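The values are calculated or read from the model by the stated rules, or taken from the named source; none is laboratory data. Since we're looking at a predicted model, the values are computed, not measured. Glycine gets a Cβ as well: all are built from the backbone with ideal geometry, and neighbour counts include every protein chain shown. Accessible surface areas use protein heavy atoms only, side chains included; no ligands, DNA or RNA. Shrake-Rupley method; radii C 1.70, N 1.55, O 1.52, S 1.80 Å.
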Amino acid sequence: MRPVAGVICCTRTVGIEPAQAVMNRYVEGAMRYADAAALLVPSMPGLMKASEVASRLDGLMLTGSPSNLDPAFYDEAVEDAPGPFDRDRDAMTRDLIKAMLDLGRPVFGVCRGFQEINVAFGGTLRRDMATSAELIAHHAPDEVDFNGMFDHRHPVDLTPGGVLATAFGTERAVVNSVHYQGVDRLGVGLAVEARAQDGVVEAVSASVDGAPVLAVQWHPEWKPEANPQSQAFFSLFGQALRGEFEFPLPLDGGGARGGGGYGGSARAGP
């Protein structure tokens, strides 16, 4: 039997009705390149507790999404923060991350999922990744088409000796960049796996009581058949699902990689 990956859903509007949905490319990436079965996890925290589903999953994949995290989830009440928001997903992923790590099971993230992991570890987000004059453009101009949005790319420097540098066999990668939000304050216990040339954190990892955490700000699920590094990311997820994932040696020789613990959010809830 193959391991079972939980894949988080977003709350989307289909026609005039709300729906639980996830793009096929995320599910296919996990199933094909992680060699796993998959179950979609609805973001309906009012009807289902994270603890009810976490024990039935071998690992969790947090996907990207058109929605942004509500700043209230990292204690910043910013009234003019750009949406759209999906507060049910905010609440569900917050509780799922905690529930999975409490069980010692892996959590991987992509784009919004990367941001959710940072917030779950006590970090915060900045919301000007596409407009700040201090940064490179982390999102394509609004006028480009859908495919052009994913063609927007920039290089990242991979941390020597890190999970991604080891898996990719290089210390430099070129990644797609489709995000308006990004890391401001890094979560406690997260190790930096990659940075953009402007210093923005682009990937993180941690080991929480043996449970691997790995997340990237870019989109490895986008056309992975043409990108061996994207395939390698999902392969790492498959290894984690099977309990075969091993972190490389500590990045700086200074103790357990990723801080050895879950920084955790005081808002994680039961």
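The table below lists the values:
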item: The chain, Rg to Rh (Cα coordinates; Rh as Kirkwood inverse mean 1/r); result: 0.93
item: Per-residue ³J(HN,Hα) for segment 200-212, Karplus 6.51 cos²θ - 1.76 cosθ + 1.60, θ = phi - 60°, Hz, x for Gly and Pro; result: 5, 5, 10, 7, 9, 8, 6, 10, 10, 6, x, 8, x
item: Residue-wise HN-Hα coupling along segment 105-110, computed from phi with Karplus coefficients 6.51, -1.76, 1.60 (Hz; x: Gly, Pro); result: 10, x, 10, 10, x, 10
item: Whole-angstrom gap from segment 190-244 to segment 42-80, using each part's C-alpha centre; result: 19 Å
item: Among V213, V119, V78, residue whose mean-square fluctuation peaks in a GNM of the chain (springs only between Cα atoms under 10 Å); result: V78
item: Residue-normalised accessible area of segment 4-242, given per residue in Å² at a 1.4 Å probe; result: 41 Å²
item: Using θ = phi - 60° and Karplus 6.51 cos²θ - 1.76 cosθ + 1.60, couplings along segment 14-25 (whole Hz; Gly, Pro as x); result: 10, x, 10, 10, x, 9, 8, 8, 8, 5, 4, 4
item: Summed residue charge, Cβ within 10 Å of E116's Cβ, Lys/Arg positive, Asp/Glu negative; result: +2
item: Antiparallel DSSP beta bridges within the chain, as percent of all bridges there, nearest 5; result: 60 percent
item: Protein accessible area in the chain, 1.4 Å probe - carbon and sulfur %; result: 51 percent
item: Dipole moment magnitude, nearest 20 debye, segment 4-242 about Cα centre, only Lys, Arg, Asp, Glu C-beta charged; result: 680 debye
